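Have a look at the structure below before the remarks.
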Amino acid sequence: MRATRLLPLAVLLAIFLFSSFIIPKFFRFSPKADQQINELYLENQSLKSRLTASLPEFRGDFKLAKVYSSYPFNDKNEIAINLGSADGIKESWPVVLGSDIVLGEVKKVFERYSLVRTIFDPEWRLAVRIGENKINALLEGGVEPSLTTIDKNKVIKEGDFIYAVAKGFPYGALIGKVQNISSSPSSIFQEASLALPYNFNNEIVEVKILTGYGL
């Protein structure tokens, strides 16, 4: 009787050891697989945003660019990419992750590389809309980008998608989701912080430059 009771415990222990130690050791995702999983997540978020706003899937031409590392520094305001005027890059072209998730725009072009201004630049401004009700707002850049000038009489909620509607960007390009909403009694506007669908760090190694856009 004791042996039959111990058998399930031995089986459970074997399963625990296999799932906790053996699988992670021999079946870790490669960096390339991690990147592919991340790209699929970004594509999924973009499609969800467009469905919410009743917009068609974005399809457009782009150039794939590698991002120069700034390690150990992490200047979020600006990144450098390995494409320049020799590759046909032009100033003000949108720079995105996934298919159309806004990261920034080409700021300055050199022959063999370009500088990209990101939404983390304090001077960044972009007209956006929120959710299926298409509520207008202004995206203001910074270390933590925020939404401002949202009509206090309009109802927004956490988790609403935010997308670009400014000239020079694909209409409906995803920015992120509404996070924390705030307002003061003396203001006619409400504000909100953003939840971005990516982590900006030195692990961003590749971006897309959307051609045929810009001002």
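None of the figures in this text is laboratory data; all of them are computed from the coordinates on show. Keep in mind the model is a prediction, meaning the values are calculated, not measured.
Observations on the structure shown:
- Mean Cα-pair separation over length for region 125-195, i.e. relative contact order, pairs under 8 Å, 6 or more apart, %: 30
- Here region 46-98 is treated as a sphere whose radius is the Kirkwood value from Cα pairs; by Stokes-Einstein at 25 °C and 0.890 mPa s it diffuses with a coefficient of 177 µm²/s.
- Partners for Lys107 among lysines (Cα-Cα distance below 21 Å; same-chain residues under 8 apart left out): Lys63, Lys66, Lys76, Lys90, Lys167, Lys208
- Size descriptors for region 125-195: radius of gyration and Dmax over Cα atoms are 11.2, 35 Å.
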